[in-house]
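Asks: My questions will all concern the structure given below.
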There are 2 protein chains.
Amino acid sequence: LRIKLVVAYDGTDFSGWAAQAGQRTVQGTLTEAVRRVSGEDVEIWGASRTDSGAHASGQVCHFDTEVGIKPEKWARVLNRAMPQDLAVISSASAGEGFHSRFSAEHRRYRYRIRTGPRDPFQSRYVHDYGKPLNLRLMNKAAGALIGEHDFLAFTEELEPRVENTVRRIFHADVLEYHGTEMQVEIVGTAFLRGMMRRISGALLEVGRGFRPPEAISRLLSEERESLQWPVVLPAKGLCLVEVAYDDPPRDHRTASDLA
Amino acid sequence: LRIKLVVAYDGTDFSGWAAQAGQRTVQGTLTEAVRRVSGEDVEIWGASRTDSGAHASGQVCHFDTEVGIKPEKWARVLNRAMPQDLAVISSASAGEGFHSRFSAEHRRYRYRIRTGPRDPFQSRYVHDYGKPLNLRLMNKAAGALIGEHDFLAFTEELEPRVENTVRRIFHADVLEYHGTEMQVEIVGTAFLRGMMRRISGALLEVGRGFRPPEAISRLLSEERESLQWPVVLPAKGLCLVEVAYDDPPRDHRTASDLA
């Protein structure tokens with residue numbers, strides 16, 4: 001039976017999603033919890049391999065089990081074996097056609113930039129910029145992200161180039177929150193490693209007047225080679241908010257995923 | 001010149017307010033920050049000696065300085081030397097008659113009991129009870145706290161009895177928050193050690209039906225000797241929200257403070 005979980009975590013004390021020997025990771029912690037609960041050594045697939053220090057309020061993952069725990073009971077059972085910085089929000093059965101990563105129709109990320117004075121209760125979850133930013137310019141710049149673009153300038157420079165760097169963005173908004181922070185919200189099919197943190201970096205540069213709003217379009221074009229690429233902001237400001245699926249699930253892998 | 005600071009901290013990684021050799025404390029961290037900024041070795045007095053693990057969004061403290069930093073600049077200057085779990089919200093000059101602890105007219109504390117499912121972003125700041133509580137009964141019980149009472153049953157048993165255990169409470173309310181937590185808010189002149197955590201413990205016992213609401217009045221009366229005293233809830237759910245002063249400041253020490 002395939003079980004789908006929605007999980008939330010404060011990523012501060014995790015070395016990211018993906019299991020690594022000797023590191024405390026979200027995938028590793030969940031795998032160990034399943035082992036304690038059911039005695040099974042399962043493979044847990046996550047929709048997104050979040051970075052070390054990045055958070056999730058709506059990460060989705062799945063695994064296959066043969067024990068007789070009811071699908072909707074898994075959340076409660078696993079939560080008894082969870083540390084305080086990780087929780088299973090819900091559990092459900094998923095068809096064999098469902099794959100948390102490959103069936104994801106879109107992912108929603110939020111990046112929080114604090115413009116107001118430092119708040120010790122938010123410091124783990126925001127990038128502390130500490131000065132005002134121009135919301136109007138940031139939103140003007142964000143609009144250029146929508147659609148299908150080559151996000152090469154927004155990812156880690158890899159040598160050799162292994163991936164197709166074209167991605168599709170559906171929504172890109174900057175919201176002011178309580179007058180003390182700017183929240184960058186981006187919805188897209190899939191994201192390249194570091195892409196969300198570099199988009200937020202570019203928008204921060206626009207908001208403080210270091211780049212004009214038109215810089216985003218230029219970074220998405222062939223012109224990128226002659227431009228300074230955006231800074232990457234710290235992982236702690238990033239949160240995976242939602243992963244959405246079609247019903248019934250479809251395979252959303254791109255040609256490069258399948259290669 | 002006497003400087004008054006309002007400070008906020010996530011108490012999770014502090015061994016409380018009061019400086020102790022070899023421990024990371026709020027008072028010690030602030031004292032060290034002043035030393036780095038001004039070269040002075042000052043004594044910093046806090047309005048409340050919060051417990052290890054308890055938080056503050058509006059703790060007040062003061063110290064005397066002879067350097068020429070403008071009073072309202074101290075906040076910004078000190079914040080450069082602060083760790084991410086401690087922030088100075090504001091700084092101002094205070095008259096010589098002002099004492100953060102002795103002039104405090106009232107203190108407001110909030111205790112957060114989570115009734116909904118666990119949330120990894122709140123786990124450091126709430127007591128995870130995880131089941132519904134009866135708000136109406138809790139508020140009925142809380143009403144009995146208002147006024148001047150002997151809070152002996154709500155404090156640590158000390159041998160020998162060193163203190164006057166009579167305190168005055170102005171407000172006592174339980175508020176439901178987002179359907180996922182109960183917030184106990186108490187305003188009083190001063191609080192005994194552990195008193196707020198035991199008041200919250202007693203109200204939790206009422207809310208889950210373990211005690212009737214009338215139990216609070218009985219615990220405040222001579223009957224207390226024949227009753228089971230309330231449990232103490234964990235420090236992590238507690239936050240010092242506000243300390244208020246008269247203008248001009250008055251000395252609010254009790255006879256036992258002065259003894």
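The values are calculated or read from the model by the stated rules, or taken from the named source; none is laboratory data. All values reported here derive from a predicted model rather than from experimental measurement. When we count neighbours, we look across all protein chains shown, and the Cβ atoms used for this are built from the backbone with ideal geometry, even at glycine. Accessible surface areas use protein heavy atoms only, side chains included; no ligands, DNA or RNA. Shrake-Rupley method; radii C 1.70, N 1.55, O 1.52, S 1.80 Å.
Asks: Could you say which residue among A:GLY143, A:GLY95 is of a type in the set (Gly, Ala, Ser) and free of Cβ contacts under 8 Å to residues at least 40 places away in the same chain? Outline the logic, then answer.
Replies: Working: A:GLY95 fails: free of Cβ contacts under 8 Å to residues at least 40 places away in the same chain.
Testing whether each residue is of a type in the set (Gly, Ala, Ser) and free of Cβ contacts under 8 Å to residues at least 40 places away in the same chain leaves just A:GLY143.
Asks: Let me ask something else about it. Can you name the residue in the stretch B:1-26 that is free of Cβ contacts under 8 Å to residues at least 24 places away in the same chain and under 17 Å from the mean Cα position of the chain (by Cα) and, of all such residues, is most open to solvent (accessible area, probe 1.4 Å)?
Replies: B:ALA19
Asks: Identify all residues within the stretch A:201-257 that are of a type in the set (Gly, Ala, Ser), under 22 Å from A:ARG110 (Cα atoms) and part of a helix (DSSP H, G or I); write none if there are none.
Replies: A:GLY201, A:ALA202, A:GLY207, A:ALA215, A:SER217, A:ALA235, A:GLY237, listed by residue number.
Asks: May I ask you to verify whether B:SER226 is farther than 21 Å from B:HIS99 by Cα and modelled with pLDDT of 95 or more?
Replies: Criteria not met by B:SER226.
Asks: So which pairs qualify, if the first residue must be in the stretch B:77-91 and in contact (Cβ under 8 Å) with a residue 12 or more places away in the chain, the second must be basic (Lys, Arg) and part of a strand (DSSP E or B), the Cβ gap must be under 8 Å, and the two must be at least 6 apart or on different chains?
Replies: B:SER91/B:LYS4
Asks: List the number of the failed condition for B:GLN183; all other conditions in (1) polar (S, T, N, Q); (2) without any contact (Cβ under 8 Å) to a residue 40 or more places away in the chain; (3) part of a strand (DSSP E or B) hold.
Replies: (2)
Asks: Within the stretch A:62-110, track down each residue that is polar (S, T, N, Q), open to solvent by 50 Å² or more (accessible area, probe 1.4 Å) and more than 14 Å from chain B (Cβ to nearest Cβ).
Replies: A:SER93
Asks: Specify the residue that is least open to solvent (accessible area, probe 1.4 Å); the eligible residues are those in the stretch A:111-144 that are hydrophobic (A, V, I, L, M, F, W, C) and within 12 Å of another protein chain (Cβ to nearest Cβ).
Replies: A:VAL126
Asks: Right, next: Output the residues belonging to the stretch A:130-146 that are hydrophobic (A, V, I, L, M, F, W, C), touching a Ser or Thr at 6+ places or on another chain (Cβ under 7 Å) and either assigned to a strand (DSSP E or B) or under 28 Å from B:ALA8 (Cβ atoms) (or both). Spell out how you get there, then give the answer.
Replies: At the first step, the residues of the stretch A:130-146 found to be hydrophobic (A, V, I, L, M, F, W, C) are A:133, A:135, A:137-138, A:141-142, A:144-146.
Of the ones still in play, those that are also touching a Ser or Thr at 6+ places or on another chain (Cβ under 7 Å) are A:133, A:144.
Passing the criteria: only A:LEU133.
Asks: Tell me yes or no: at least one residue of the stretch A:166-185 is of a type in the set (D, E, K, R), surrounded by 22 or more Cβ atoms within 10 Å (Cβ to Cβ) and at negative phi. Quick ask: steps written out before the conclusion?
Replies: Step one: of the stretch A:166-185, the residues of a type in the set (D, E, K, R) are A:167-168, A:173, A:176, A:181, A:185.
Cutting the leftovers down to surrounded by 22 or more Cβ atoms within 10 Å (Cβ to Cβ) gives us A:181.
Adding the requirement that they be at negative phi leaves A:181.
Yes - at least one qualifying residue is present in the stretch A:166-185.
Asks: Now a separate question. What are the pairs, 6+ residues apart or on separate chains, where a residue within the stretch B:211-226 that is farther than 10 Å from B:ALA153 by Cβ and of a type in the set (D, E, K, R) has its Cβ under 8 Å from a residue that is modelled with pLDDT of 95 or more and open to solvent by 20 Å² or more (accessible area, probe 1.4 Å)?
Replies: B:GLU214/B:ALA144
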